[in-house]
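Inspection log for the structure reproduced underneath, given as structure tokens.
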Amino acid sequence: DFSNNTYAQILSSILDEFDIDIVHINTQVGHTFDIFTVPALKNIPIVYTVHDYFYICPTIHLVDTRGNYCGICMEGSTRYNCLEHHSYLSYINFKFGGTELDKFRKNFRAVMHHVNVFVFPSHAAKDIFLKFYGIDERKCRVIYHGTTLLKSETIVPEKENGKLHVGIIGSMFTHKGKNTIQALISSLKKNPIKFFHFGDGDLA
């Protein structure tokens, strides 16, 4: 649902009960667009941290059904046959296609002016959103994930059997660097290294 009266009433009660001064939206997955309108009606400023491309396409990652970066929708058109059986939309419990995508984007355009500050993890992400939605650049901030990178020399411990065991933790799909990891593993086949993957996805 784009709006839900029960949700809106609960959100309104929470904002009043705890005397909330600012609302920070990190994701809208599982919420309605009331998360923008209810605070705005109470003149509560809203900060939205953009850590994915949910409002451009609910696949979140801007990848097509083959796992490739999708530049067509980014430029403003709608690929109506892309979303109906898209594996990255498994969290949506109804059929989602181009018509629903048009409505989704229209609803975000109707509420995005309520956001006081957009926080992006990179200038690239900011540029994509600015180009797609025409957001006022004065409302945008770029704060990188992990602002401190320490260079260090890693000393690999000696193993009794002479084989190094490497654990890869987290999701492993195309948009998470699966192809790069597979290429790395392939290039190291002749070395005494064994890889283990802990998480969803498939490195086989």
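Read the figures in this text as sums done on the coordinates, not as results from a lab. Model, not experiment: these values are computed from the prediction. Neighbour counts run over all protein chains shown; Cβ positions are idealised from the backbone, glycine included.
Between D102 and N26, full extension at 0.36 nm per residue minus the direct alpha carbon distance yields a gain of 25.1 nm. Across the cross-link table entries K103/K178; K42/K139; K163/K189, which are compared at the Cα atoms, the separations over 22 Å belong to K103/K178.
The amide H of I25, built 1.01 Å from its N in the peptide plane, has V47, Y48, T49 as neighbours under 5 Å, considering only residues 5 or more places off or on other chains.
Treating r as the C-beta distance of F54 and Q182 and R0 as 35 Å, the FRET efficiency rounds to 0.80.
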